[in-house]
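Below is one structure, written out as structure tokens, with a few remarks after it.
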């Protein structure tokens, strides 16, 4: 009687070969890569945060940040010198207002 019970049970066990396991792993990696690319593409900037145009200025002996800022304000007719000084410091990662002759600085155009 036990022999008939065993033969009545279906024997449908799924076994993956080495090639099958490799195929499943590669499929999972492709899915993860595609999801990563989609998320990265969605997080990329859409062009709204484009940097302001700048020009490079070589510091002459005796020049100051305030003087460069006043020249920029006079050339563009916009803003005030104090905000331009702050912009120049942020653009160039300056810790202080001390400049060296020959130093290259990025200065906003407008």
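The values are calculated or read from the model by the stated rules, or taken from the named source; none is laboratory data. This one's a predicted model, so the numbers in the text were calculated from it and none came from an experiment. All Cβ positions, even for glycine, are placed from backbone atoms using ideal geometry, and neighbour counts span all protein chains on display.
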### Task
For the range 94-108, indicate whether the set of residues that are without any contact (Cβ under 8 Å) to a residue 12 or more places away in the chain, part of a helix (DSSP H, G or I), more than 13 Å from residue 54 (Cα to Cα) and out of contact with any helix residue (DSSP H, G or I) (no Cβ under 6 Å at 6 or more places or on another chain) is non-empty.
no
## Note on the structure
For helices (runs of 4 or more DSSP H) lying entirely in the range 1-82, having 3 or more residues that are at pLDDT 75 or above picks out 18-43, 65-76
### Message
Of everything in the range 83-93, what is out of contact with any strand residue (DSSP E or B) (no Cβ under 7 Å at 6 or more places or on another chain) and assigned to a helix (DSSP H, G or I)? Give them in sequence order.
### Response
83, 85, 86, 89, 90
### Query
If a residue has to be surrounded by 10 or more Cβ atoms within 10 Å (Cβ to Cβ) and over 17 Å from residue 62 (Cβ atoms) to count, how many in the range 89-106 make the cut?
6
